[in-house]
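Participant: My questions all concern the structure below.
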Amino acid sequence: VQLQASGGGLVQTGGSLRLSCRASGSIANTHVMGWYRQAPGNQRELVATITRDGRTNYADSVKGRFTISRDNANNMVYLQMNILKADDTAVYYCNAKPSPWSISYWGQGTQVTVSS
């Protein structure tokens, strides 16, 4: 599985961005798709995940501001980010875990910078 993330950029505090992740193959049966982020000097952390049947999970820091969604027909996963804060500045990575027992696959990352 190859993942291509896009949509990052520079935005002011309070603004919005929509990240997109295109998978090279079908994601319809993929166990979990997700977004993670890594800020300089920090470990990579979970932002949001969505299961094959549409159940979502969010980090406490983004609940109510970010929304993850998936379009199985077009092999896409999205992360709508609203009310962005400076602490959201990081490289955002798309992740795919085809089954509970498989390894995870990572995209190349897209930079999100929120200026105050």
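Participant: List the trypsin sites (Lys or Arg not before Pro) in segment 18-66 that DSSP assigns to loop (not H, G, I, E or B) and whose Cβ has at most 13 other Cβ atoms within 10 Å. Which are they?
Facilitator: 55, 63
Participant: Here is a follow-up. I'd like the Karplus ³J(HN,Hα) series for segment 64-79: coefficients 6.51, -1.76, 1.60, θ = phi - 60°, whole numbers in Hz, and an x wherever there's a Gly or Pro.
Facilitator: Listing the rounded values in order: x, 10, 10, 9, 9, 8, 9, 10, 5, 5, 10, 6, 10, 10, 10, 9 Hz.
Participant: Charges only on Cβ, +1 for Lys and Arg, -1 for Asp and Glu: so what's the dipole of the chain about the Cα centre, in debye to the nearest 20?
Facilitator: Dipole of the chain, to the nearest 20 debye: 120 debye.
Participant: OK, next. At a Förster radius of 30 Å, what calculated FRET efficiency corresponds to the Cβ-Cβ distance of residue 55 and residue 16, to the nearest 0.05?
Facilitator: The value I calculate is 0.80.
Participant: A follow-up question, please. Using a Gaussian network model of the chain with C-alpha springs under 10 Å, which one of 50, 83, 27 is most mobile by mean-square fluctuation?
Facilitator: 83
Participant: How many angstrom separate the Cα center of segment 1-36 from the Cα center of segment 90-116?
Facilitator: 7
Participant: List the chymotrypsin sites (Phe, Trp or Tyr not before Pro) in segment 71-113 that DSSP assigns to loop (not H, G, I, E or B) and whose Cβ has at most 15 other Cβ atoms within 10 Å. Which are they?
Facilitator: Of the chymotrypsin sites (Phe, Trp or Tyr not before Pro), the ones in loops of segment 71-113 whose Cβ has at most 15 other Cβ atoms within 10 Å are 101.
Participant: Then there is this: Give the long-range amide H neighbours of residue 109: residues separated by 5 or more places, or on another chain, with amide H under 5 Å away, using H modelled in the peptide plane at 1.01 Å from N.
Facilitator: The list, which skips near neighbours in sequence, is 5, 94.
Participant: Here's another thing I want to ask about it. May I ask you to compute the full-extension gain from residue 103 to residue 71, defined as 0.36 nm times their residue separation minus their alpha-carbon distance, rounded to one decimal in nm?
Facilitator: Full extension from residue 103 to residue 71 adds 9.3 nm.
Participant: Roughly what would the spin-label model give for residue 46 and residue 83, points 7 Å off Cα along C-beta, in nm?
Facilitator: Calculated label separation equals 2.2 nm.
Participant: Compare the Cα positions of 105, 67, 29 along the charge dipole of the chain (+1 at Cβ of Lys, Arg; -1 at Cβ of Asp, Glu; about the Cα centre) and return the one farthest towards the positive end.
Facilitator: 29
None of the figures in this text is laboratory data; all of them are computed from the coordinates on show. It should be emphasised that the depicted structure is a prediction, and the values quoted were computed from it without experimental measurement. Every residue, glycine among them, receives a Cβ derived from its backbone with ideal geometry; neighbour counts consider all protein chains shown.
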